[in-house]
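The values are calculated or read from the model by the stated rules, or taken from the named source; none is laboratory data. These numbers were taken from a predicted model, which means no experiment stands behind them. Here the Cβ is made from the backbone with ideal geometry for all residues, glycine too, and neighbour counts use every protein chain on show. Surface accessibility is based on the protein's heavy atoms, side chains included, excluding ligands, DNA and RNA. Shrake-Rupley method; radii C 1.70, N 1.55, O 1.52, S 1.80 Å.
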Amino acid sequence: MGEDVAKHEFTREDRTRYRTKVRRCLDVFARMLREARFDFERPMTGLEIEINLIDEHGDPAMKNHEALQVIDDPDFVTELGQWNIEINVAPRRLAGGGITSFEETVRRSLNSAEQKAREIGAHMVINGILPTLRSKHVTPDQLSSNPRYALLNEQVLAARGEDLQISIDGVERLHLTASSIVPEAACTSTQLHLQVSPEQFPAYWNAAQAIAGVQVAVGANSPFFLGKELWRETRIALFQQATDTRGDELKAQGVRPRVWFGERWINSIFDLFEENVRYFPALLPICDEEDPLAVLDHGDTPALSELKLHNGTIYRWNRPVYDVVRDRPHLRVENRVLPAGPTVVDTLANAALYFGLVRALAEDERPLWSQMSFQAAEENFNAASRNGMDAQMYWPGVGTVPVVELVLRRLLPLAHEGLIRWGVDSAERDRLLGVVEQRCLTGVNGATWQAREFHRHYDHTHLDRADALRTMLKSYVELMHANEPVHTWPATGA
């Protein structure tokens with residue numbers, strides 16, 4: 001959904017033409033896979049971080065259009081809600097200081113953006129869900145002004161045929177009826193991209209699915225929504241429900257959700273694109289004039305625009321990506337499970353764990369997914385979303401154990417090994433994986449820190465819930481800008 005769209009009404013003919021075109025794209029994609037036409041000799045990695053805007057009181061600042069104007073940097077783009085923006089960091093290789101380069105680039109860009117945004121009374125926050133959001137902020141009039149978001153909102157609700165029902169049962173309980181997809185905008189994430197060859201893709205995607213629960217458990221940073229303390233990574237449940245095009249009847253029939261963990265290990269990237277076309281009707285049936293088969297027969301690279309657009313409206317937690325850069329096509333795994341924040345260094349520590357683990361597991365002689373059911377991976381993911389650092393997880397050869405024990409004893413050594421294979425030097429490895437290690441030893445990540453600090457204020461002072469959340473957030477922002485990892489953050493409450 002990163003592309004601008006202009007068309008606002010769709011006819012039956014549009015949908016019929018789109019269905020034909022997207023299937024033609026799928027056939028062309030299959031041929032490209034057979035003919036080995038993809039760029040993968042120098043694999044690149046990428047990073048995107050979604051950011052919240054707040055005012056001087058810690059409340060959401062509905063100023064993303066003005067913020068982007070004053071920031072005036074093409075790396076920053078709009079997002080769904082008026083309090084959201086996103087930074088897209090230029091891709092790079094991990095070897096030769098790539099992870100540190102990501103960190104330095106993001107810090108420099110965020111510091112500059114923060115300074116400029118202050119001119120309009122806005123400030124940057126990187127976290128999974130802004131804890132000071134209230135019901136009045138997640139209404140249809142808070143959609144960003146870009147027409148593509150209004151169109152997406154219209155099509156999701158038209159497909160569903162009724163208002164969205166959001167129900168999350170965690171530490172506290174929340175039930176919300178929403179007349180738009182704006183609650184989705186509360187979910188601000190970190191997205192990690194990894195370029196791979198067609199032959200490598202299944203192993204890397206399977207590995208990413210297998211460790212999704214671990215990533216969420218150690219990186220959780222979304223304990224609050226609309227003033228309620230819910231899951232440690234509430235963002236997972238909220239995102240799933242805020243874009244659900246299925247009514248109760250379709251759920252009962254087993255229709256797949258558009259936010260989807262999946263249901264099986266794969267043998268080819270084609271499996272994922274084919275499932276997308278087979279299971280999911282078009283949300284945005286927009287066709288361009290390209291004939292992908294004619295382009296391929298001419299020796300050029302087709303954009304496969306319809307296939308890409310369709311793929312962009314199906315929100316797998318690990319999404320397959322087809323893209324073309326300088327007329328050369330490539331494939332990526334887009335890892336979407338992590339929240340933003342709490343700091344840039346925490347974000348890159350999460351990235352180091354991911355990149356290291358997927359490399360080590362993808363190249364293992366006996367694949368993990370041959371020893372573990374897909375259902376177990378999904379159960380790990382759900383347990384991590386609910387319980388964060390306190391989650392229990394199943395792992396082959398170990399059984400069901402606390403996630404912190406699994407990471408410390410089994411997974412950190414694997415991550416080190418994987419980073420060595422990427423060419424990451426020992427100083428980077430030790431520093432960033434050391435952050436993950438200390439989180440596990442202390443039991444502190446972004447979610448546990450936020451919950452602890454909220455209760456310090458709410459349970460032991462005169463502050464009401466809203467003011468306790470604002471006070472916690474102000475401390476969070478100050479510590480976030482210092483860029484010391486969250487496990488070192490002090491207690492700031494009374």
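Tell me, yes or no, whether the range 353-362 has at least one residue that is open to solvent by 20 Å² or more (accessible area, probe 1.4 Å) and part of a loop (DSSP other than H, G, I, E, B). No.
Note on the range 296-331: residues that are touching a residue at least 60 places away in the same chain (Cβ under 8 Å), aliphatic (A, V, I, L, M) and not in a loop (DSSP other than H, G, I, E, B) amount to 6.
Under 9 Å by Cβ, and 6 or more places apart or on different chains, what pairs join a residue from the range 29-40 that is free of Cβ contacts under 8 Å to residues at least 24 places away in the same chain and over 14 Å from R328 (Cα atoms) with one that is of a type in the set (G, A, S) and not in a loop (DSSP other than H, G, I, E, B)? Close Cβ pairs (under 9 Å, with a partner that is of a type in the set (G, A, S) and not in a loop (DSSP other than H, G, I, E, B)) do not exist here. Within the range 272-281, restricting attention to residues that are open to solvent by less than 30 Å² (accessible area, probe 1.4 Å) and in contact (Cβ under 8 Å) with a residue 24 or more places away in the chain, which residue is farthest from L361 (Cα to Cα)? So, considering only residues that are open to solvent by less than 30 Å² (accessible area, probe 1.4 Å) and in contact (Cβ under 8 Å) with a residue 24 or more places away in the chain, the one farthest from L361 (Cα to Cα) is F280. Within the option set G254, G262, being open to solvent by less than 10 Å² (accessible area, probe 1.4 Å), in a loop (DSSP other than H, G, I, E, B) and not β-branched (V, I, T) holds for one residue only, G262.
Residue pairs whose Cβ atoms lie under 7 Å apart, sitting 6 or more positions apart in sequence or on different chains, and linking a residue in the range 379-407 that is farther than 21 Å from E437 by Cβ to a partner that is assigned to a loop (DSSP other than H, G, I, E, B) and open to solvent by 60 Å² or more (accessible area, probe 1.4 Å), are P396/Q371.
The conditions of being among the aliphatic types (A, V, I, L, M) and either open to solvent by 10 Å² or more (accessible area, probe 1.4 Å) or at positive phi (or both) are not met by L338. The selection criterion, being of a type in the set (D, E, K, R), open to solvent by less than 20 Å² (accessible area, probe 1.4 Å) and within 30 Å of L26 (Cβ to Cβ), does not hold for E378. For the range 285-311, a residue qualifies if it is surrounded by fewer than 18 Cβ atoms within 10 Å (Cβ to Cβ) and of a type in the set (G, A, S), and the qualifying residues are A294, G299, A303. Can we say T234 is among the hydroxyl-bearing types (S, T, Y), in contact (Cβ under 8 Å) with a residue 24 or more places away in the chain and within 26 Å of L272 (Cβ to Cβ)? Judged against the criteria, T234 is not a match. Scanning the range 314-330 for residues that are within 18 Å of the chain's Cα centre (by Cα) and either modelled with pLDDT under 95 or hydrophobic (A, V, I, L, M, F, W, C) (or both) yields I314, W317, V321. Per the listing F201, F224, the residue uniquely at pLDDT 95 or above, closer than 22 Å to R235 by Cα and among the aromatic types (F, W, Y) is F224.
Filter the range 57-96 down to the residues that are of a type in the set (D, E, K, R) and over 17 Å from the mean Cα position of the chain (by Cα), then identify the one that is surrounded by the most Cβ atoms within 10 Å (Cβ to Cβ).
Our first condition is that a residue be of a type in the set (D, E, K, R); within the range 57-96, this holds for 59, 63, 66, 72-73, 75, 79, 86, 92-93.
Pick out the ones that are also over 17 Å from the mean Cα position of the chain (by Cα) and you get 59, 63, 66, 72-73, 75, 92-93.
Details: D59: 18, K63: 20, E66: 17, D72: 10, D73: 13, D75: 15, R92: 17, R93: 15.
Checked the range 57-96; the qualifying residue surrounded by the most Cβ atoms within 10 Å (Cβ to Cβ) is K63.
Answer yes if at least one residue in the range 135-149 is polar (S, T, N, Q), touching a His at 6+ places or on another chain (Cβ under 6 Å) and under 28 Å from W231 (Cα atoms), and no otherwise. No - not one qualifying residue is present in the range 135-149.
Looking at V477, V486, which is the one that is open to solvent by less than 10 Å² (accessible area, probe 1.4 Å) and β-branched (V, I, T)?
On the way: V477 fails: open to solvent by less than 10 Å² (accessible area, probe 1.4 Å).
Result of the check over V477, V486: V486.
When the range 214-251 is filtered for residues that are in contact with a Pro (Cβ under 6 Å, 6 or more places away or on another chain), surrounded by 23 or more Cβ atoms within 10 Å (Cβ to Cβ) and assigned to a loop (DSSP other than H, G, I, E, B), the ones remaining, listed by number, are N221, R232.
Checking each residue in the range 123-156 for being among the hydroxyl-bearing types (S, T, Y), buried (at least 18 other Cβ atoms within 10 Å of the Cβ) and in a helix (DSSP H, G or I) picks out only Y149.
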